[in-house]
Ligand SMILES: Cc1ncc(COP(=O)(O)O)c(C=O)c1O
């Protein structure tokens, strides 16, 4: 296909996700053709720094031929077999590895093909578990404002972003929202970080009480909430949530679709903040995106009702734990170990943060926040009052200017206004100082220009 045919076919036949197709009625869709390390290249040969690891996915960087080779070898040996009452060696081995890496007694690995399916599976397991243990009314799911948990109907119902849900109502009933951990916009500015964390955690207890503890199955939380622009949890938050979950027999689901596999410098985000979930959902970085794979990792306690007699977890997905995905997942873990990527992230987090914090001298930068290789930059109209942009300004600024300007300047990242306007950065875990500096320089130039246009 020559370039001209390709751009026309992209416009006419490829339905891009979460995309205003009208934006490409007259302009060409950016087409990325290859990647190497932390960079990707478009169809014209132009190079970009991948500041978002694709979509929080490409942990080990692009162009790792050993992952491609692991995939090819597995496809040649056994391309496909289901995990429906059968198994294959790579899924067994990866489940074994993950069970040992996951915190505490999270021992049972239920593979999926992606993150939404992992979240869906976790909610179904929570419901099924309580049905099998004499608490059939425990069905509801609690999650946080603005949190993204996926797009399938169950996961979408748990998602806390009205703008993504309104076209699809009625959704699955029985979900409840509680405040997130946006300290920058805490309800009372006199609260300390710890006080705010306790306050936010206690809203979960309040929601459980309000709904009736007998009706609540699970609370879904990301270690660092992505949507809204990287909200780390205050110290003590997750410990308090754990106490609350234990008090009411509610399952704590750590949705680590973004935060697992080194994003926060640990295999699992729960370990970064020292809490014990009942279930971890993960995907993305598990294979560094070389092929799709996700998982729900559940505690031994949750597997118990399904270990005897005729009972079963009546749930499955054709491509869950695909042999090629499992083989690449194992090869990906080998790279993590060999290159000690988690330690690399831990050693460089403060340096990355310090480069981004230099941008705080710009009038448009309200706050830089995040952890690991996962940061958000909140943009404001007035630094002193923290006033944000209205919808029209946000539209002009983010869609009309920033996303494209950053890309044109050689930085692929995301300008997002699903909460307050933010720029999200989550580069491959192999990035080092030169990449942080490049990001800072490009952001500085583009944000300075953006301010002039407001
Ligand atoms: C926290 C979280 N949960 C679930 C999902 C859904 O994952 P997927 O897009 O693989 O279905 C995402 C995707 O970004 C996510 O960030």
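I need to check one value: relative contact order of the chain, counting alpha carbon pairs closer than 8 Å and at least 6 residues apart, in percent.
21
Share of Cα-Cα pairs in segment 245-287 beyond 16 Å, in percent?
Taking all Cα-Cα pairs of segment 245-287, the fraction more than 16 Å apart is 34 percent.
Grab the Cα-Cα distance for residue 318 and residue 152, subtract it from 0.36 nm times how many residues apart they are, and report the gain in nm with one decimal.
58.2 nm
Regarding the chain, what are the three Cα extents along the principal axes, ordered largest first, in Å?
Its Cα atoms span 66, 60, 43 Å along the three principal axes.
Share of antiparallel DSSP beta bridges in the chain, in percent to the nearest 5?
70
For a test of the definition: using alpha carbon positions, the gyration tensor, and the 1.5 limit on a/c, classify segment 217-373 as rounded, prolate or oblate.
oblate
Once the piece of chain linking residue 300 and residue 383 is laid out straight, how much longer is it, given 0.36 nm per residue of separation minus the C-alpha distance between them?
Fully extending the segment from residue 300 to residue 383 adds 25.0 nm.
Find the relative contact order for segment 307-454 and round it to a whole percent, using C-alpha pairs within less than 8 Å whose residues are 6+ positions apart. Don't skip to the end; give the middle numbers.
Numbers: 159 pairs, mean separation 33.2, N = 148.
Once divided by the residue count of segment 307-454, the mean separation gives 22 percent.
So what are the three principal axis dimensions of segment 119-272 from its Cα atoms, in whole Å, longest to shortest?
Result for segment 119-272: principal-axis Cα extents of 41, 34, 32 Å.
To make sure I understand, if each residue's beta carbon is the centre and we count other beta carbons within 10 Å, what order do 16, 286, 1, 191 fall in, fewest to most?
With the fewest neighbours first, 16, 286, 1, 191 line up as 1, 16, 191, 286.
Based on the alpha-carbon gyration tensor of segment 271-316 and its eigenvalue square roots a ≥ b ≥ c, which shape applies: rounded if a/c is under 1.5, prolate if not and a/b is larger than b/c, or oblate?
oblate
Specify the inter-centroid distance of segment 337-365 and segment 155-183, based on alpha-carbon positions, in whole Å.
Between the Cα centre of segment 337-365 and that of segment 155-183, the gap is 31 Å.
Could you tell me the largest-minus-smallest coordinate of the C-alpha atoms of segment 1-91 on each of the three principal axes, in descending order and whole angstroms?
Ordered largest first, segment 1-91 gives principal extents of 50, 29, 26 Å.
What shape does segment 167-215 take by its C-alpha gyration tensor, where a ≥ b ≥ c are the square roots of the eigenvalues and a/c under 1.5 counts as rounded, a/b above b/c as prolate, and the rest as oblate?
Details: a/c = 4.32, a/b = 1.68, b/c = 2.58.
Oblate, since a/c reaches 1.5 and b/c is not below a/b.
Taking a virtual spin label 7 Å from the Cα of residue 15 along the C-beta vector, which residues in segment 169-199 bring their backbone nitrogen under 18 Å of it?
Only 169 fall inside the zone, counting backbone N under 18 Å.
Could you put 169, 195, 440 in order, starting from the residue whose Cβ has the fewest other Cβ atoms within 10 Å? Mind dumping the intermediate values first?
Values: 169 8, 195 14, 440 17.
Placing the least packed residue first, the sequence is 169, 195, 440.
Distance between Cα centroids, segment 390-407 to segment 75-136: provide it in whole Å.
40
By average Cβ neighbour count within 10 Å, what is the ranking of 178-184, 291-297, 21-27 from highest down?
Numbers: 178-184: 20.6, 291-297: 27.0, 21-27: 10.3.
Most protected by this proxy first, the peptides run 291-297, 178-184, 21-27.
Could you work out the helix-only [θ] at 222 nm for the chain, with each DSSP H run of four or more residues adding -39,500 (n - 2.57) and the total divided by the number of residues, to the nearest 500 deg cm²/dmol?
-11500 deg cm²/dmol
Need the full-extension length gain, residue 249 to residue 209, defined as separation in residues times 0.36 nm minus the C-alpha distance. One decimal, nm.
Between residue 249 and residue 209, full extension yields 13.2 nm more.
Between residue 169 and residue 445, what is the label-to-label distance in nm when each label sits 7 Å out along the Cα-to-Cβ direction?
The modelled label-to-label distance comes out at 4.5 nm.
Where a number appears in this text, it was derived from the coordinates with a stated rule and is not lab data. What you see is a predicted model, and the numbers here were worked out from it, not measured in a lab. All Cβ positions, even for glycine, are placed from backbone atoms using ideal geometry, and neighbour counts span all protein chains on display.
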